[in-house]
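To keep things clear, I will list the structure first and then write my remarks on it.
Every number here is computed from the coordinates shown, using simple stated rules; none is lab data. Note that this is a predicted model, so its numbers are computed, not measured. When we count neighbours, we look across all protein chains shown, and the Cβ atoms used for this are built from the backbone with ideal geometry, even at glycine.
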Amino acid sequence: MKHLFEKHLLEHFLKAPSDPARISQLLSLTGEACEPLRAAAYDCMKQNVGEDVYFRGLVEVTNRCGLNCLYCGIRRDNSVERYTLSEDDICGAAKVCAEMGFGSLVLQSGELRSDKYVDFICRVVERIKRETKNERLPMGLGITLSLGVFSQGQFQRMFDAGAHRYLLRIETSNEQLFGQIHPADQSLGERLDAIAMLQQVGFQTGTGVMIGLPGQTLAMLAQDVLMFKKLDIDMVGMGPFLPSRNTPMGENPILSASKRLQLGLNMIAVTRLVCGDINIASTTALEGLDPNGRQKGLLYGANVAMPNLTPPENRVNYKLYDDKPVMQPVDSAVASIEKIGRKVAINKFGDSRHFASRFARR
Ligand code: SAH
């Protein structure tokens, strides 16, 4: 029989899916030996959230940022051409998103913690909700925000304006590693506090990590997955670390591209098995390492994809890392999903099933 060892490992893991040592072992699989893990994760996805893929149109609102994360291409100290989209540009992209039948939109940006920026976001969110309503989308587009850390009052205002999901990555659950990749004015504790606030406000809440960071071990990644579970998170977006040349972490030695890709895929699979009914995104960073990276993520248990709808002339300046793929036209994004036998759910919010069950438990 093929893959006997891996099948045993999986069987034992599934009996106690919180054993960090077994998670590390699963994460270390390479090549053909990953197939039982992939198949189990796919099956788990099918049973818990179904096979449909939910699209969120991604709009990168501004690359201005007040933070100086050591890995990020749009960090404050980098000299890149800065832009902020106008309300009209953002609403225009939202209308395209709604017309394509993608029921949801993500607004992402650098971190600007001012009330003025929150005012701007609230105005945009209200306008998108109003202007994208039609008989197929009676509530307008679903809106996810990914704008970094704010105060609870500011989060509340954005929720009240009509956004209902929020993504805030912790980047790593390991405090020491967090300290190595961020300047001293940021802390893991601050992000965890913000996640608790988001949950309290009522957002469907997502987090995630980077995979293959210099100094990151399999044991740390296993703890990341257990942290998603502990936080009772509704959505996960994570992907391989991709160095950005003009950042302090641009030249650090790291795992090869193929190893980072496989580790990224294994993380998706293990997260699916541990967290069950959450939404998991197959992220752009996977595609940065492999032209079929997004499809592979979906085959390892992800159920969300985020086609980029930022106007192309701005997109080139929202460069978190060097290998950011130039996204394919949106209709071929649909075709690439259908090619792997999956269907794109049309005109649906695609809310996290986990959120519904978390809410019922409250
Ligand atoms: N400022 C917002 C969102 C923008 S960045 C926030 O921090 O929430 C979105 C994500 O891109 C980050 O959380 C990080 O995980 C990822 N990212 C940034 N630089 C990266 C790099 N060099 N390689 C891979 N992912 C990166």
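Test of understanding: ordering VAL124, VAL304, VAL344 by Cβ neighbours within 10 Å, fewest first, what list do you get? Intermediate values should be presented prior to the final figure.
Working: VAL124 24, VAL304 27, VAL344 20.
Result, fewest neighbours first: VAL344, VAL124, VAL304.
Compared with the dominant Cα axis of the chain, that is its longest principal axis, helix 330-339 is turned about 20°. Given R0 = 30 Å, the distance between the Cβ atoms of ASP115 and GLN176 translates into a calculated FRET efficiency of 0.35. Per-residue ellipticity at 222 nm from helix content only, as computed over the chain with -39500 (n - 2.57) for each DSSP H run of at least four residues, stands at -13500 deg cm²/dmol. Electrostatic bookkeeping for GLY276 treats Lys and Arg as +1 and Asp and Glu as -1; over the other residues with beta carbon under 13 Å from its beta carbon, the sum is +1. Can you give me the C-alpha center-to-center distance between the stretch 88-103 and the stretch 271-341, rounded to a whole angstrom? For the stretch 88-103 versus the stretch 271-341, the Cα centre distance is 18 Å.
Any of LYS133/LYS343; LYS7/LYS324; LYS2/LYS324 with alpha carbons more than 31 Å apart? Name them for me. Where the Cα-Cα span goes over 31 Å, the pairs concerned are LYS7/LYS324; LYS2/LYS324.
With 10 angstrom as the radius, rank THR271, THR30 by how many other C-beta atoms surround their C-beta, starting from the fewest. Don't jump to the answer; show the numbers that get you there.
Details: THR271 26, THR30 11.
Going from sparsest to densest Cβ surroundings: THR30, THR271.
Alpha-carbon geometry of the chain: the Rg and the Dmax are 19.2, 63 Å, given in that order. The mean sequence separation of alpha-carbon pairs under 8 Å and at least six residues apart, normalised by the residue count of the stretch 228-305, gives a relative contact order of 36 percent.
Normalising by the residue count of the chain, find the relative contact order in percent from Cα pairs under 8 Å and 6+ residues apart. Can you show the working numbers first?
Numbers: 678 pairs, mean separation 88.8, N = 362.
Reported as a whole number, the value is 25 percent.
Among HIS12, HIS354, the ranking by other beta carbons within 10 Å of each residue's beta carbon, starting with the fewest, stands as HIS12, HIS354. For each cysteine in the chain, check whether another cysteine's C-beta sits under 4.7 Å from its C-beta; list those where none does. When partners are defined as cysteine Cβ atoms under 4.7 Å apart, the chain leaves CYS34, CYS44, CYS65, CYS91, CYS97, CYS122, CYS275 without one. The angle separating the long axis of helix 115-131 from the principal Cα axis of greatest extent in the chain is about 90 degrees.
Taking the C-alpha atoms only, the angle from helix 188-201 to the longest principal axis of the chain is near 70 degrees. Against the compact-protein benchmark of 2.2 N^0.38 Å, the Cα-based radius of gyration of the stretch 248-362 scales to 1.19.
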